[in-house]
Amino acid sequence: MKINHLNIKDIFEGMKMALPIMAGYVPLGFACGIVCAQAGMNVFQIFLMSALVYAGAGQYIAGAMLVAGATPLSIIITTLIVNSRHVLYTSVLYPYVARWSFLKQSLFAFQITDEVFAVHSTSMAKNQSNTVISFSINIFSHLSWITSNVLGGISSSLIPDTTKFGLDFTLCALFIALILPKLINIPQVLAFITGGVTALCFYLLDMQYAGIIAGALLGAFAGYFMNMRLHHGK
């Protein structure tokens, strides 16, 4: 792709839109790097995991399961279930990227996370699926995650306990800050409330990981049916 003035402008626009995500990923990724290092991973392994897996909750879970002595197969299955909600995200965004090549679609889908999806759900409609902007958001967000993971792994011996800093709440706070301004109609609000209440109920039953999936599914269905009812009277 030939780089021109318009491309550079779009790259900076994508970076600007990714800044809130990057700011949230720095402390969260730093803590994740420490967790992975405490699980016995070296810096290179942490780098590979953050580059190839790129899933905050999944990486935290994998690190905790490694410490607990879980088998590789159980770790893979658990993280696959927890991150299966990303299928819903990419399904929502697919109409915007339907004309892209399969390679572009695959690379784009690989870098979708909760927070990146929240930004894309608004930006892609506004910018008519601008390829440069969309990939800039993904790439800068991913780079910040990789960098903070590696720095956390390097610093693991200096900060053995990150819980006292409250970094575990960073992901929740970041997602809430990104998603609340996007709730502009009744179906979206209903989906948000339904998903949140469902996840909370599962959490109280000590089934927090299943609650992530159940909340995403029930929230999506609630928003869909409310939208159908409002627009089609069904």
Is at least one residue of the stretch 5-19 assigned by TED's automatic domain parsing to the domain that holds PHE117, buried (at least 17 other Cβ atoms within 10 Å of the Cβ) and among the charged types (D, E, K, R)?
-> yes
Has the stretch 112-135 got at least one residue that is exposed (fewer than 15 other Cβ atoms within 10 Å of the Cβ), assigned by TED's automatic domain parsing to the domain that holds GLU13, over 27 Å from ALA191 (Cα atoms) and modelled with pLDDT of 80 or more?
-> no
Every listed condition ((1) modelled with pLDDT under 85; (2) of a type in the set (Lys, Arg); (3) farther than 24 Å from ALA216 by Cα) holds for ARG99 save (1)
Checked against (1) farther than 25 Å from GLN208 by Cβ; (2) modelled with pLDDT under 90, GLY29 satisfies every condition except (1)
Go through the stretch 184-199 and give me each residue that's closer than 20 Å to ASN83 by Cβ and either in contact with a Lys or Arg (Cβ under 7 Å, 6 or more places away or on another chain) or aliphatic (A, V, I, L, M) (or both).
-> ALA191, ALA199
When residues of the stretch 112-153 are filtered for being within 15 Å of PHE12 (Cα to Cα) and of a type in the set (Asp, Glu), how many remain?
-> 0
Filter the stretch 42-92 for residues that are of a type outside the set (A, V, I, L, M, F, W, C) and more than 17 Å from the chain's Cα centre (by Cα); which is surrounded by the fewest Cβ atoms within 10 Å (Cβ to Cβ)?
-> GLY69
Pull up the stretch 93-110, narrow it to residues that are buried (at least 16 other Cβ atoms within 10 Å of the Cβ) and touching a residue at least 24 places away in the same chain (Cβ under 8 Å), then point me to the one that is farthest from the chain's Cα centre (by Cα).
-> TRP100
Across the stretch 138-187, the tally of residues that are of a type outside the set (Val, Ile, Thr), part of a helix (DSSP H, G or I), modelled with pLDDT of 80 or more and surrounded by fewer than 18 Cβ atoms within 10 Å (Cβ to Cβ) stands at 2
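Here's the yes/no breakdown for (1) farther than 23 Å from GLY24 by Cβ; (2) among the aliphatic types (A, V, I, L, M); (3) free of Cβ contacts under 8 Å to residues at least 12 places away in the same chain:
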| position | (1), (2), (3) |
| --- | --- |
| LEU48 | no, yes, yes |
| GLY56 | no, no, no |
| MET65 | yes, yes, no |
| LEU73 | yes, yes, yes |
| ILE76 | yes, yes, yes |
| THR90 | no, no, no |
| ILE112 | no, yes, no |
| ALA118 | no, yes, no |
Checked LEU73, LEU107, LEU93 against criteria (among the aliphatic types (A, V, I, L, M), modelled with pLDDT of 85 or more and farther than 21 Å from ALA214 by Cα); the one match is LEU107
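The values are calculated or read from the model by the stated rules, or taken from the named source; none is laboratory data. Nothing here was measured: the structure is a model prediction, and the numbers come from that model. Here the Cβ is made from the backbone with ideal geometry for all residues, glycine too, and neighbour counts use every protein chain on show.
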